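Each remark here refers to the structure printed beneath this line.
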Amino acid sequence: MKQLYTYGLYLKKKFHAKVSKIPVGLSGFTCPNIDGTVAKGGCTFCLNESFSPNLAVNSTKTFLNLQSTANPILDKQLEELDVQIVTTRERMRQQWGSQKFLVYFQAFTNTYAPFETIKTLYERALAYEDVIGLSIGTRSDSVTDEVLEYLAELSKTKEIWIEFGIQSIYDETLMRINRGHDALNVEQAIKKAKAKGLNVCGHLIFGLPGEDQEMMLGSAKAAYEWGIDSIKYHPLYVVKHTLLANEYLQGEFEPISKELFVDTLIKAIALKPDHISIQRVTAGIDDDTLLAPAWCGLPRNQMLAAINEAFKEKGWIY
Ligand code: SF4
């Protein structure tokens with residue numbers, strides 16, 4: 001049996017401890033694909049609360065962007081950050097025996113704010129006991145050279161990751177999901193981050209509208225070639241009150257089946273160079289905001305059991 005190279009293994013080997021990611025979502029962050037800078041409405045599948053429950057509680061009417069000259073809600077953001085780090089760190093210590101932590105700026109576009117705000121928030125997170133680094137989720141069109149250079153400097157002493165949504169390398173798909181940037185933009189951002197010595201995680205979605213398996217695997221191959229260090233594979237699922245929900249209800253979009261997703265996942269992993277760690281092999285949402293496919297509403301352990309079963313047949317352990 002072959003042990004697949006997971007992100008957990010990577011962290012364990014590097015830090016000799018159980019390292020967990022503390023997800024945070026802060027008021028004031030938005031996305032250029034939502035606020036009208038590159039588009040309005042966001043990606044067709046996006047209802048951001050579905051990715052980060054913290055946001056539902058902490059919403060504010062003030063939103064930041066790269067041109068913001070002041071941040072009137074910085075104190076509120078710091079307060080939210082403190083609460084989320086302290087409570088989640090404690091829970092992870094108790095439940096999982098976590099010893100060290102990466103603070104994961106997850107919701108929306110976490111480099112889409114004035115540089116001083118980003119710096120203040122990141123440094124506050126890094127000051128916490130047992131926090132060894134950061135993972136920053138963002139869009140490839142929202143990372144300035146100033147931020148990349150700052151992160152590169154931080155990475156000399158801390159574990160710094162930047163996570164880019166790649167989703168697909170096909171521009172026709174990116175147009176169809178209203179992504180607001182093309183594939184070249186992501187490729188260039190990944191290569192730039194790598195050239196500065198940063199760790200990069202890429203996110204891919206299987207089951208995007210109009211894509212067959214060949215295209216999904218084409219995206220995986222390209223992402224590997226662009227130099228990512230880690231990968232998250234997601235199925236596309238439909239959340240109520242999104243643009244994708246309309247397409248689905250009008251019969252214009254058919255969600256990926258569990259069988260096709262697992263088969264694509266296995267083929268994508270088989271193509272993956274061994275040094276790229278796997279951070280995620282599926283995703284779902286087990287509440288009544290899920291519209292389809294039903295299998296994405298299965299409890300996480302059931303979903304993983306089905307995937308592990310398929311891995312076993314390949315001789316893989318995850
Ligand atoms: S880039 Fe992320 S936050 Fe922005 S619209 Fe797309 S999914 Fe939503």
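The values are calculated or read from the model by the stated rules, or taken from the named source; none is laboratory data. Everything numeric in this text was worked out from a predicted model, so none of it was measured. Here the Cβ is made from the backbone with ideal geometry for all residues, glycine too, and neighbour counts use every protein chain on show.
Per-structure values
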{"item": "Selection status of Asp212, closer than 30 Å to Leu126 by Cα and surrounded by fewer than 19 Cβ atoms within 10 Å (Cβ to Cβ)", "result": "no"}
{"item": "Odd one out for Arg300 among (1) free of Cβ contacts under 8 Å to residues at least 24 places away in the same chain; (2) closer than 25 Å to Asn178 by Cα; (3) within 19 Å of the chain's Cα centre (by Cα)", "result": "(2)"}
{"item": "Pick from segment 196-215, criterion assigned to a helix (DSSP H, G or I) and in contact with a helix residue (DSSP H, G or I) (Cβ under 9 Å, 6 or more places away or on another chain), ranking: farthest from the ligand (Cβ to nearest atom)", "result": "Gln213"}
{"item": "Qualifying residue in segment 169-190 (condition: under 30 Å from Ile266 (Cα atoms), charged (D, E, K, R) and without any contact (Cβ under 8 Å) to a residue 24 or more places away in the chain)", "result": "yes"}
{"item": "Leading residue by the ranking (farthest from the chain's Cα centre (by Cα)) among those in segment 1-37 that are on the phi > 0 side of the Ramachandran plot and within 16 Å of the ligand (Cβ to nearest atom)", "result": "Gly36"}
{"item": "Whichever residue in segment 140-171 is over 21 Å from Lys14 (Cβ atoms) and either aliphatic (A, V, I, L, M) or in contact with a Pro (Cβ under 7 Å, 6 or more places away or on another chain) (or both) and, among such residues, is farthest from the ligand (Cβ to nearest atom)", "result": "Leu148"}
{"item": "Filter result for Glu146 (more than 29 Å from Ala183 (Cα to Cα), charged (D, E, K, R) and either modelled with pLDDT of 95 or more or assigned to a helix (DSSP H, G or I) (or both))", "result": "no"}
{"item": "Members of segment 182-197 that are in contact with a Lys or Arg (Cβ under 9 Å, 6 or more places away or on another chain) and either under 22 Å from Ala125 (Cα atoms) or buried (at least 20 other Cβ atoms within 10 Å of the Cβ) (or both)", "result": "Val186, Ala189, Gly197"}
{"item": "Glu123 vs. criteria without any contact (Cβ under 8 Å) to a residue 24 or more places away in the chain, more than 16 Å from the ligand (Cβ to nearest atom) and out of contact with any Ser or Thr (no Cβ under 7 Å at 6 or more places or on another chain)", "result": "yes"}
{"item": "Breaking point among (1) within 15 Å of the ligand (Cβ to nearest atom); (2) of a type outside the set (S, T, N, Q); (3) out of contact with any strand residue (DSSP E or B) (no Cβ under 7 Å at 6 or more places or on another chain), for Ala245", "result": "(3)"}
{"item": "Leu134 being away from the ligand (no atom under 16 Å from the Cβ), in a strand (DSSP E or B) and in contact with a Ser or Thr (Cβ under 6 Å, 6 or more places away or on another chain)", "result": "no"}
{"item": "In segment 16-27, the residues that are closer than 12 Å to Ser98 by Cα and either in a loop (DSSP other than H, G, I, E, B) or not basic (Lys, Arg) (or both)", "result": "His16, Ala17, Lys18, Val19, Ser20, Ile22"}
{"item": "Residue check for Gly202: touching a residue at least 12 places away in the same chain (Cβ under 8 Å), farther than 17 Å from Thr6 by Cα and either buried (at least 16 other Cβ atoms within 10 Å of the Cβ) or not aliphatic (A, V, I, L, M) (or both)", "result": "no"}
